[in-house]
Every structure is written in C-alpha cells, then in structure tokens.
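First comes the structure, then the notes that go with it.
The values are calculated or read from the model by the stated rules, or taken from the named source; none is laboratory data. Computed from a predicted model, the values in this text were never measured in an experiment. Because the Cβ atoms are built from the backbone with ideal geometry, glycine has one as well, and the counts that use them run over all protein chains shown.
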Amino acid sequence: MEQTIHWADVVAKEALTKGDTHIVATGITPSGNIHIGNMREVVTADAVYRALIDNGGKADLIYIADTFDPLRKVYPFLDESYQEHVGKPLSEIPCPCSEHSNYAQHFLEPFFHSLDKLDIHPRVILADELYKEGAFIDAIKTALIKRDEIANIIETVSSRTIDPEWSPFNPICSNCGRLTTTKVTGFDTNSQTVDYTCLCGSTGTVSMQGGGKLTWRVDWPARWPILGVTIEPFGKDHASAGGSYDTGKRISDEIYHYQAPHPIIYEWIMLKGKGAMSSSTGVTISISDMLKIVPPEVLRYLIIRSKPEKHIEFDPGLPLLNLIDEYDNLSDDPDESQNIRGYQLSQTKADESAKIPFKHMVTAIQIADHSFDYLMTVLQRGGYDVTDMENIRQRADNAQNWLTTFAPPMVKFTISKDLPPETRNFTTQQREALRILSGKMSEYKDAQAVHDGIYSLAREMDISPKKMFTTIYQSILGTKSGPRVGYFLVSMDRDFIVERFKEASSHT
Ligand SMILES: [Zn+2]
Ligand SMILES: [Zn+2]
C-alpha cells in the first residue's frame, strides 16, 4: 500500500519552504484542570516540532501559559470565597490548596509533570512574567497609539461593535486588583504609564511594565513578534470566521508588521457520551488522571494518528483497550504498518516498556488478585520476561487504575475461592470434559497449546467450543464468560486448575 505523508510532515515541509528555523508555540489559560481536550494542542505542536527537526529544520517549542488572564468566574470546582478574586489575574490569586505560589501554578504544575511523562519539553513562558519584565511595553504603546485602527479591524472582521470607551489595554486596578473593571482614561508613552478609573470607585496610574495587559484579541498577535512565533496550533473556536485568528492576522500585519504564524486548526476531543471536553463545563478528565490509566505514548498516539481537523471521539472504556493494543501491535512490527510515522512521532523515551499486551495485564492483575508480587509469578507463567520491574509496575498501575475507573463489567472477574455452585448443574458431558482436561493440563506448554487442546477436545467430544469455555469459566469464576481461555489457564497455578476441574467434574 502506498505510504501517505503524515500530517505533521506535511506541515513541517511546507513551513520549511519559508525558512529553516521555526518557533512552534502552544499555550493555555490555566484557569482550571488542564484536561485531555487541551492536550491535543500541545501534542499537535510537539508532533510538528519533531517533524521539523526530522525534516532537517531547526525548531524551538515554546509553551505560553496565560497566567496574566483574569479569573472569569467562580468555577464549580472552586470555593465560594473565590468570588472576591473574579477579574484578577490568575498569577495574583491564591492557589486553591495553598501549596503553590499562585492560582495559575496550582494547575500548571501537575500539567508540566504530565508533559514530562509525555516526553514533551517546551521552553515555558509565563505571560505574567513577560508583562512584568516589560517585554510588552512597545506593543502596548503601539496598541494605545493605534487604538482606532485596531478597533476598526476588529469591527470590520468580527462585525462586533466596539464601545467608544474600549481600550486594547486593561489596567490592573491598584485598589481592587481587577483588570476587568477598569477603563483607560489616558496614557503617557514617555513615562510608560496608563491612567484609569475602576468600577470599585478608585482612579490611578499604572506602569506599562506589569500594570495591566493587552486584551486577548490584541495580546495574541502582539506576542507573535515578541516571541518570534512562526507556527501555532489552536482550537477551531479561534479559527471561526471573524474569530480571534482572523482579527489577529490583520492586527499582526497592519499594526505590528509581522507575518502571522502558520495556523494548525484542530478539532475537539469528544469524551464518548459526554460531549466536547472543556474546563468550564466540568466534562473533563485531567491529563494526569489519564496518565494513571493510559501509557503516555498511547495518549500521544490517540492524537497523532488523526489529522488535526478530524474530531476524536475518546472512549476510555473498552475501546481504550483496543487503542492500546493497536499501538502495541505497531511497536511489535512497525515495518509492516501503514502508520509507522504516527508510531514514531508518538514514541516517548520510556517507550521500551515491557511488551506485555495490556489486555493480558488486565487479566493477569485479576488473577493475581491485585497483588504486585503475585503478579510477577502470574506473568512468568504466561511466558513473559519480568526483569524490567519498573516498566511492568507502570503498566500494571495503568491496568489496575483502568479496572477501577473505566473498565466495563464484562472484563472484570474474580477467581472463586470455593467451587462455584453453578457446577452442580453440569451435565455428564461437561463433567467428562473437565475430567479429561484436568488430566491434560500438565501437557500444555503455553497459552496456544491450551487453546488448541481445548478445541481438539471439543471436537473429539462433539461439544461446542463455546460450551467448553462456559464450563471452564463456571468452574473457576462462577460466570459464563471470562478472559481469553488459553492465556487465562496458563497464567494460573497449574495445581489449582487441575484440582478445581476434578472437583467440578464430581460436584453433586
Ligand atoms: Zn495549589
Ligand atoms: Zn478597582
């Protein structure tokens, strides 16, 4: 089959025709848990960054945290006491747990930890620091001087009506700390100050160095030349006609004389049955929670295998298990795969993980009754190399967490300590099958042999394979279904199985 070029390489190759050095920017407003929906942006940016380098370019990946944005409202996860902080910059608000330096850091810290696991290592830029260092002073002066031109661009492009008192700059009131309640009444480019009045009743003068910030539609294009951004992924909300990219592009061209970055517009990740994920609707799974369940390279693969413009439906139930298998199979045989490039771009440093199929791990953990020590024995019985304890533990933790959070009931089981009562109702034929099987168990060397042995016994006895399986599951679990029988039986203690089959064959 003909190999199509991966979307990240398409973007990289196109960008490299314009220049060989690129700055790929990504970022977010850390107003709440940074969830898997947001992760699409940063993984998309990282894939392009890697593709630029793989295609012979020079590139830098930067992550801009919009820490100087105001808190919009008291989100459902916040205490009512946050009412007094609405309108203040996130960097100036206390953190909800009192263990971080501010509100923004509270949400950024676990996110950066997750990025590290995902093998994404951007240069982090905090917007509040940029403003406080004075990096925006010239951009603020230009915006204030060209206020009317900017207002005209926004009105023309977005069909919004701009208030006569609108200013591209929002001073932070030195009395109440808010930047959403102030109005600019004057400015002085020599002293680099802005005068304001505030709804709280106070008036004052702030410095252009950290005394306020540009409004979003101006802030975004203003940062492009400051940081030298050439490529930037963003969600389709910013990409709508008349949206902030459209106005930003013109403001960048006409006000700041800088070519807007190459856009990569991405679609949402939908959580199956719950709709689009967003931190304001509460439909979220944080990335750190997700990494407790999904191996990081698989989380990357979820995003990288789809083109950015395709929406991703993410089902953390059984389909997640299939996704992990799909990735594992690619890694077993990447040469055979159509999607080798998606696999390469998804790899993380820790990717040389124990190649124990996730489905087997889910079964093994339950056989081991959730004990890690016993799990090692179970895995060895299944023929796996268990020397890489750290990676096995990581994968075992993923599987265990998946079992307790998203696993459907059909994959869960418990080995019955006592002979299940269902075995009393076994037919003579079922009992005979178990009796024969108990004698043959010691002959089977591995899962495949067990599987083949059961099929040939079924044929000899003229009993359906399904009936054989049901008989086995009922003897061990007391249920009609269970995990794939070959691996299941081979992973358990052989003496226990032999004894159980004997008991079940004579249970009255
Ligand atoms: Zn905190
Ligand atoms: Zn005020």
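Among the residues making up the stretch 402-430, those that are assigned to a helix (DSSP H, G or I), modelled with pLDDT of 90 or more, over 25 Å from the mean Cα position of the chain (by Cα) and surrounded by fewer than 18 Cβ atoms within 10 Å (Cβ to Cβ) are Pro421, Arg424, Asn425, Thr428, Gln429. The set of residues from the stretch 180-198 being away from ligand 2 (no atom under 16 Å from the Cβ), part of a strand (DSSP E or B) and either touching a strand residue (DSSP E or B) at 6+ places or on another chain (Cβ under 7 Å) or among the basic types (Lys, Arg) (or both) comprises Gly186, Phe187, Thr193.
Condition check ((1) under 37 Å from the mean Cα position of the chain (by Cα); (2) polar (S, T, N, Q); (3) surrounded by 19 or more Cβ atoms within 10 Å (Cβ to Cβ)) across all residues:
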| site | (1), (2), (3) |
| --- | --- |
| Asp195 | no, no, no |
| Leu199 | no, no, no |
| Gln209 | yes, yes, no |
| Trp224 | yes, no, yes |
| Gly228 | yes, no, no |
| Pro233 | yes, no, yes |
| Asp246 | yes, no, yes |
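For the condition closer than 23 Å to Ile365 by Cβ, basic (Lys, Arg), part of a helix (DSSP H, G or I) and at pLDDT below 95, Arg395 qualifies. Look at (1) within 16 Å of ligand 1 (Cβ to nearest atom); (2) surrounded by 21 or more Cβ atoms within 10 Å (Cβ to Cβ) and you find that Ala139 fails only one, number (1). Is it the case, given these coordinates, that Ile231 is away from ligand 2 (no atom under 16 Å from the Cβ) and assigned by TED's automatic domain parsing to the domain that holds Ile62? Here the answer is yes, as Ile231 does meet what is asked. Please determine whether any residue of the stretch 396-413 is of a type outside the set (Lys, Arg) and more than 30 Å from Ile293 (Cβ to Cβ). No; the residues of the stretch 396-413 include none that is of a type outside the set (Lys, Arg) and more than 30 Å from Ile293 (Cβ to Cβ). Output the residue which, of all residues in the stretch 81-131 that are within 16 Å of ligand 2 (Cβ to nearest atom) and not in a helix (DSSP H, G or I), is surrounded by the most Cβ atoms within 10 Å (Cβ to Cβ). Across the stretch 81-131, the extreme among qualifying residues is Pro89. Of the residues making up the stretch 47-80, those that are outside any loop (DSSP other than H, G, I, E, B) and free of Cβ contacts under 8 Å to residues at least 24 places away in the same chain are Ile53, Glu80. For Val48, are the conditions met, namely being buried (at least 24 other Cβ atoms within 10 Å of the Cβ) and among the hydrophobic types (A, V, I, L, M, F, W, C)? Criteria met by Val48. Within the stretch 143-179, the residues that satisfy the criterion of being in a helix (DSSP H, G or I) and of a type in the set (A, V, I, L, M, F, W, C) are Ala143, Leu144, Ile145, Ile150, Ala151, Ile153, Ile154, Val157.
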